[in-house]
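Single-structure report; data block below.
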Amino acid sequence: MYGAPLGQFPVMRLCLKYVVVDTDVRLEVLDWGGSGPDLLLLAGGGDTAHVFDDLAPTLAKRHRVGGVTRHPNVLTIQSRLAML
């Protein structure tokens, strides 16, 4: 998709929100929309769910597509590093 002419790919609305699930855990929740059975995309290897930004429009033709990225609390990381 990189370098593709404008208008060649469908434009999707992306809904993004953050959900706090614990003191040290915040989730970035992406919703690319679509219709059909739910499909949750989980990135690995330190990536975020945005690695699926190019793939999601294709999947959304047959599924309701969402993605989740875990974001730790920055202050908690800093305090843990200070204890080392």
(request) Add +1 for every Lys or Arg and -1 for every Asp or Glu among the other residues with Cβ under 9 Å from the Cβ of Pro37, and state the total. (result) +1
(request) For Tyr18 paired with Arg70, estimate the spin-label separation in nm (one decimal), with each label point 7 Å from Cα along the Cα-to-Cβ line. (result) 1.8 nm
(request) Subtract the Cα-Cα distance of Thr48 and Arg62 from 0.36 nm times their separation in residues, and report this length gain in nm to one decimal. (result) 2.8 nm
(request) Quick one: what are the phi-derived ³J(HN,Hα) couplings along region 27-35, Karplus 6.51/-1.76/1.60 with θ = phi - 60°, whole Hz, x for glycine and proline? (result) 10, 8, 10, 10, 10, 8, x, x, 9
(request) Could you tally the net charge around Tyr18, taking each other residue with its Cβ under 9 Å from the Cβ of Tyr18, Lys/Arg +1 and Asp/Glu -1? (result) +1
(request) Read phi for every residue in region 16-21 and hand back ³J(HN,Hα) as whole Hz from Karplus 6.51 cos²θ - 1.76 cosθ + 1.60, θ = phi - 60°, with x for Gly and Pro. (result) 10, 8, 10, 10, 8, 10
(request) Please list, in chain and number order, the residues 5+ apart from His63 or on another chain whose amide H is under 5 Å from its amide H, with Hs placed from the backbone. (result) Ser35
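Any read-out appearing in this document is the output of simple, stated calculations on the displayed coordinates, not a laboratory observation. Keep in mind that this is a model prediction, so the values were computed, not measured. Using ideal geometry, Cβ is built from the backbone for each residue, glycine included, and neighbour counts are taken over all protein chains shown.
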